[in-house]
1. So, of the residues in segment 1-38 that are in a loop (DSSP other than H, G, I, E, B) and buried (at least 21 other Cβ atoms within 10 Å of the Cβ), which turns out to be modelled with the lowest pLDDT?
2. Considering Val61, Val13, which residue is within 16 Å of the chain's Cα centre (by Cα), under 29 Å from Leu174 (Cα atoms) and of a type in the set (Val, Ile, Thr)?
3. Looking only at segment 42-82, how many residues end up being over 24 Å from Ser195 (Cβ atoms) and either basic (Lys, Arg) or in contact (Cβ under 8 Å) with a residue 40 or more places away in the chain (or both)?
4. Given Gln53, Gln49, which one is loosely packed, with under 11 Cβ neighbours inside 10 Å, within 30 Å of His94 (Cα to Cα) and touching a helix residue (DSSP H, G or I) at 6+ places or on another chain (Cβ under 9 Å)?
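The values are calculated or read from the model by the stated rules, or taken from the named source; none is laboratory data. All of these numbers come straight from a predicted model, not from anything done at the bench. Virtual Cβ from ideal backbone geometry, glycine too; neighbours counted across all protein chains shown.
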Amino acid sequence: MVPIDLLKEQLPVHQESLLLTADVKTGLVLVDVVNGFCTVGAGNLAPRQPDKQISEMVNEVVSLARVFCEKKWPVFGFLDSHHPDIPEHPYPPHCIAGTDESKLVPALQWMENEPNVTLKCKDCIDGFLGSIEKDGSNVLSIGSKAIISKLYMCAGFFHVANTMKDVAAHPQDLMHHIGLYLAKGRGAKVVSEVSFDA
């Protein structure tokens, strides 16, 4: 087994600071910050016990979303939301449409009434594919450099995967680092701090 420190040495992810200014149109994309993945005990893929990484992520997302809403900058949020009769193998039933699992975490529910926020239910792991409407249209535009997103691997899955049949368990810290490394390799800016001009 490869220790995480060796992995971080061999596959470094250098994090930067990001200054957002009003002269560059910027939006915030939130991906699946829902109860079914982030709230303790809220479902089959939710963490079973408090998780520091998830709590810190939710707090950071809340802080960013508040600033974006105060500035009236666009916020787009994906909500994992599945039809009860359509399984998403190999995962157990989760985030069933209309249940609390598929709703934003309590700390973000205020966003539902914000005029600059668009929330989109998706029924698959891929947000782009999950946003295709029946008429073939899609609310997402591809290639925009104006959207920022912070990538987190869903820690709830790592907790539950250890008890699920036919699903490989993944260590949370290891997969989080690999996810950030792959995102950076595809051109994402991985940041540890976001600040705003006055």
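1. Asp32
2. On the way: Val13 fails: within 16 Å of the chain's Cα centre (by Cα).
None of the others qualify; the one that does is Val61.
3. 14
4. Numbers: Gln53 fails: loosely packed, with under 11 Cβ neighbours inside 10 Å.
Being loosely packed, with under 11 Cβ neighbours inside 10 Å, within 30 Å of His94 (Cα to Cα) and touching a helix residue (DSSP H, G or I) at 6+ places or on another chain (Cβ under 9 Å) holds for just one of Gln53, Gln49, which is Gln49.
Rundown of residues vs (1) within 18 Å of the chain's Cα centre (by Cα); (2) modelled with pLDDT of 85 or more; (3) not charged (D, E, K, R), yes/no style:
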residue	(1), (2), (3)
Met153	yes, no, yes
Gly156	yes, no, yes
His159	yes, no, yes
His177	yes, no, yes
Lys189	yes, no, no
Ser195	no, yes, yes
